[in-house]
Amino acid sequence: MGSVPISKKLEELSPLKRAALALRKKQAELDAIKSARTEPIAIIGMGCRLPGAQNPDAYWQLLRNGVDSITEVPPERWDIDSWFDPDPDGAGKVYTRHGGFLPKIAHFDARFFGISPREATDLDPQQRLLLEVTWEALENAGLAPSGLRNRPVGVFVGVSQMDYGISQLSSHPETISAYSVTGTGLAFTAGRLSHALGLQGPVLATDTACSSSLTAVHLACRSLRMGDCELALAGGVNLNILPETTVFCSRIHALSPDGRCKTFDAEANGFVRGEGCGIVVLKRLSNAIADRDNILALIRGSAVNHDGPSSGFTVPNQLAQEKLLQRALADAGAIPGQLSYIEAHGTGTSLGDPIEIDAIGTVFGKEHSQDSLLTIGSVKTNIGHLEAAAGIAGLMKVVLALQHQEIPPNLHFKNPNPRIDWKNTPIRVPVKRQAWPRGGKPRLAGVSSFGLSGTNAHAILEEAPVSIDDGHPESSEASPQFLRPLHLLTLSAKSKEALRDLAKSYASYLESHPEIPFADICFTANTRRSHFEHSLSL
């Protein structure tokens, strides 16, 4: 006897039961949509170039060892002697000699990215840096860039500075070429990445001043949750090539004369400008698990808002910051007591620091106490204020701290700022490395980034879920096929010189990471890297 068709069964139901069934179906669809729009986002790869750190591993060593990477302005940027005047009101001058700088920003392998030498001349070093760091972030994620061509991969980049464009377009108009605008315009920064890598997802360059990169991460998470892309590259870049923006910062007395961010300290007297680039590779958590990606941390939720009315266009608004934190918590489905660390915006200004601490105290204070203090720090004390790239530097610091189960020290904190109510605000500033071990519940942390434009961003991160080894050969050296004495390691590059450099990098990595199974390294190098004409096998 054949089965009764579903349509026949539905016809036999009463109108009321059919309506109830339709409602349950619609509710299930709505629940699925809601779940997708609140799904955590997995960070599966990172790349960076920061003052004193050329990659995430070096960045962590800088952080945990409490390194201050601020230096005098290098002569290849500008002649600091001719621009310096200790008088804060000196017209057309700067009253600080310091900053956080990257070395050799003019160096670029244009051929590697299929860019002609002529076009490369007009290419903003910020675009060059983004290309290199994004490639490194994808390799860190175990993804061969060639495998992403024509895929819906989104690119979200925070960028504000146009120093190179100004220098190229304003000095000698007769030298303007067909590449000048596409090489220097901010709108082309993110598009350059998608074009070079052949990506076909949404592409946005965001400029909200100092909060640009964390805003870019927020938009990337939204795009992933809405299904606009299957993978997203998000971050920011900032290079200080000309002195004019430093002159502006001097006019508004925002800079520290001695070139140090003394965040939360009584001697806080402004920030020091820094530069750098950071990119994270993002994927929906469910997809990251299904694809067996190496999850570094999760972005549980985020929020962006604006100061709105305040006592001045560039003056922080405490109430707006409180609303921002509350919205981020709601987006993450978290409560204040779950967070144990906050990476503050913390520029080290006498006005901004107390406002930020008051906002944090208002939102988080009720669920923390002097027996359960909320730890707070700022990476600006190490590398300076990276402006458009500041938020991504802070986010990557938190990811690394979660991974290594340590909170790095906050530098230049000697005497607490008397404008902050420390007695009634349950927070602490770590002056030395602090253990941050895994516990019974996942560790959560917040990251803040506030723009001079008034746009504020906050993200809430969670430690990576504990992976369960299922014996798959891609993830475990304990599998029978890995129980062999020898493994093949294949390296390749587009030139002999690049291949030598790559071999040196692998040798250094193997020496500093003896805990990582050699089989895993070989597997990734052999199957999850792009392969080029020059290669070697060991």
Next on the checklist: Name the residue from 461, 168, 361 whose Cα lies farthest towards the positive end of the charge dipole of the range 41-463, charges +1 on Cβ of Lys and Arg and -1 on Cβ of Asp and Glu.
Outcome noted: 461
Checklist entry - Which label marks the calculated value of mean projected area of the Cα convex hull in nm², given the options (i) 22.2; (ii) 26.6; (iii) 32.9? => result (iii)
Item to check | Pairwise FRET efficiency - residue 20 versus residue 57, Cβ, R0 = 45 Å, nearest 0.05 | outcome: 0.20
Checklist entry - Dipole of the chain (Lys/Arg Cβ +1, Asp/Glu Cβ -1, origin at the Cα centre): which of 446, 186, 274 lies farthest to the positive side? => result 446
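When the helices in the chain are scored as -39500 (n - 2.57) per DSSP H run of 4 or longer and the sum is shared across all residues, what 222 nm value do you end up with, to the nearest 500 deg cm²/dmol?
Dividing the helical sum by the residues of the chain leaves -10500 deg cm²/dmol.
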Item to check | Exposure proxy order (Cβ contacts within 10 Å, fewest to most) of 148, 329 | outcome: 148, 329
Checklist entry - Among 84, 264, which comes first, then next, by fewest other beta-carbon atoms within 10 Å? => result 84, 264
Item to check | Kirkwood hydrodynamic radius over Cα pairs of the range 189-316, then Stokes diffusion coefficient at 37 °C and 0.692 mPa s, in µm²/s | outcome: 187 µm²/s
Checklist outcome for this item: Over 27 Å (Cα to Cα) among 380/441; 262/397; 93/323; 323/423; 380/432; 323/432 -> 380/441; 93/323; 323/432
Checklist entry - Most exposed first by the Cβ proxy, i.e. fewest other Cβ within 10 Å, how do 355, 342 rank? => result 355, 342
Checklist entry - Taking only the alpha carbons of the range 291-421, what extent do you get along each of the three principal axes, in Å, biggest first? => result 50, 36, 33
Checklist entry - How much length is gained if the chain between residue 76 and residue 423 is pulled fully straight, taking 0.36 nm per residue apart and subtracting their Cα-Cα distance, in nm to one decimal? => result 120.2 nm
Checklist entry - Once Lys and Arg get +1 and Asp and Glu get -1 on their Cβ, which of 398, 318, 91 lies farthest toward the positive end of the dipole of the range 41-463? => result 398
Checklist outcome for this item: Normalised Cα Rg of the range 361-459, dividing by 2.2 N^0.38 Å with N its residue count, works out at 1.12
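Read-outs: derived from the displayed coordinates by stated rules, not from any lab. Note that the structure is predicted; figures quoted are calculated from it, not measured. In this analysis, Cβ positions are derived from the backbone assuming ideal geometry, glycine residues included, and neighbour counts consider all displayed protein chains.
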